[in-house]
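A short worksheet on the structure shown next.
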Amino acid sequence: MITPNKLYNGEVEIMFNDEGHKYYMDNEKLIGVTTVLSCINKPALVPWASNMCADYVKDHLKPGIPMDEVEIKTMLDVARKAHTQRKVDAGNVGSLAHDWIDGYIKGENPEMPFNEDLKKSVNKFLKWQEDYKVKFLLSEQVVYSKKHNFCGTLDFIAKIGDDLVLLDFKTSSGIWPEYWLQVFAYWLARTEEFPEENYKSVGVLRIGRVGEIEFVKKDIKDNLYLKDGFLAALSLYHTLENMKKESGRY
């Protein structure tokens, strides 16, 4: 589905295609925040994928039980892709949890999920909102920086106490460094369009699948280097894309 988004008092129209999560302006594809950050190395992913492969082999290779060459090859072929299935399973829960929370914030009164993992995520979110007395103001807002020509979709804007906070929602196993570059990119674009919005901090809310919840805020004034970090990643992304074009690999 393609959704139009009017920004900057209607001066800018961003078309969002949810198939492939792509943004367009005047039929030209725009660079999204997550695409920019894809050029950054994510060292935690390598051992995680290796562990998924090792766990699959451990579960399917039993002492004293012989396997022929076809069975061994089949097991190893599946083991190589074990991390992709785990990612799909976790991603489905995370995506559905995000959809439920978005509907809840918009006042759509979604029904409590039946899936136990999904229900746990929703309940953790509701408890966090109650504990922190969070008042949500906006969700799923497309943002665009005219100055730097990138866009994205921020998750939430909320009042926590007296502070206006821009929030990102994650269902990962940890809060990774690139998350902060992402949320500072959203803050940069949002405040370019709405300079009167006085954000004291940005935050990441992580709701895991095994009972944990983690909420971290970072003061904007003390962490502006994270904005610079995102802009450095944006510059690197453009450099790599130009190198691909020059080499004919684009």
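The values are calculated or read from the model by the stated rules, or taken from the named source; none is laboratory data. Small disclaimer: the values here were computed from a predicted structure and weren't measured. Using ideal geometry, Cβ is built from the backbone for each residue, glycine included, and neighbour counts are taken over all protein chains shown. Each accessible area value is taken on the protein alone, full model and side chains, heavy atoms only, with ligands, DNA and RNA left out. Shrake-Rupley method; radii C 1.70, N 1.55, O 1.52, S 1.80 Å.
Listed values, structure above:
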| quantity | calculated |
| --- | --- |
| Longest DSSP-loop-exposure-free segment, GluC sites (Glu not before Pro), the chain, at most 13 other Cβ within 10 Å | 20-107 |
| Cβ-Cβ FRET estimate between residue 223 and residue 58, R0 fixed at 35 Å, reported to 0.05 | 0.25 |
| Label zone at residue 13, where the point sits 7 Å out along the Cα-to-Cβ direction: the stretch 130-155 residues whose backbone N lies under 19 Å | 142-146, 151-152 |
| In degrees, nearest ten, helix 177-193 long axis to first principal axis of the chain (Cα) | 20 degrees |
| Structure-based [θ]222 nm, the chain - -39500 (n - 2.57) summed over DSSP H runs of at least 4, per residue, nearest 500 | -15000 deg cm²/dmol |
| Where the stretch 77-232 is the region considered: accessible area per residue in Å², 1.4 Å probe | 51 Å² |
| Of 6/135; 22/120; 81/221; 133/221; 29/133, pairs whose Cα-Cα distance is over 32 Å | 81/221; 29/133 |
| Full-stretch length increase - residue 214, residue 99 - with 0.36 nm per residue and alpha-carbon distance subtracted | 39.5 nm |
| In degrees, nearest ten, helix 225-247 long axis to first principal axis of the chain (Cα) | 70 degrees |
| Cα-based reach from residue 200 at 14 Å (exclusive), listing aspartates and glutamates while leaving out same-chain residues under 8 positions away | 162, 163, 219, 222 |
| Heavy atoms of residue 205 accessible to a 1.4 Å probe, total area in Å² rounded to 10 | 10 Å² |
| Rounded Å value of the spacing that divides the Cα centres of the stretch 110-144 and the stretch 165-223 | 15 Å |
| Rounded tilt (10° steps) of 82-105 against the dominant C-alpha axis of the chain | 30 degrees |
| Apportionment of accessible area to carbon and sulfur, the stretch 53-202, percent (1.4 Å) | 54 percent |
| Members of 119/170; 106/159; 146/217 lying beyond 19 Å, as alpha-carbon distances in this model show | 146/217 |
| Contact order normalised by residue count of the chain, Cα under 8 Å, 6+ apart, percent | 16 percent |
| Cross-link reach list, aspartates and glutamates versus residue 127, counting only Cα pairs under 13 Å and skipping chain neighbours closer than eight places | 212, 214 |
| Per-pair calculated FRET efficiency, R0 = 25 Å: residue 236 and residue 26 via Cβ, rounded to 0.05 | 0.45 |
| Label-to-label distance, nm, for residues given as residue 127 and residue 39 (7 Å Cα→Cβ offset) | 4.2 nm |
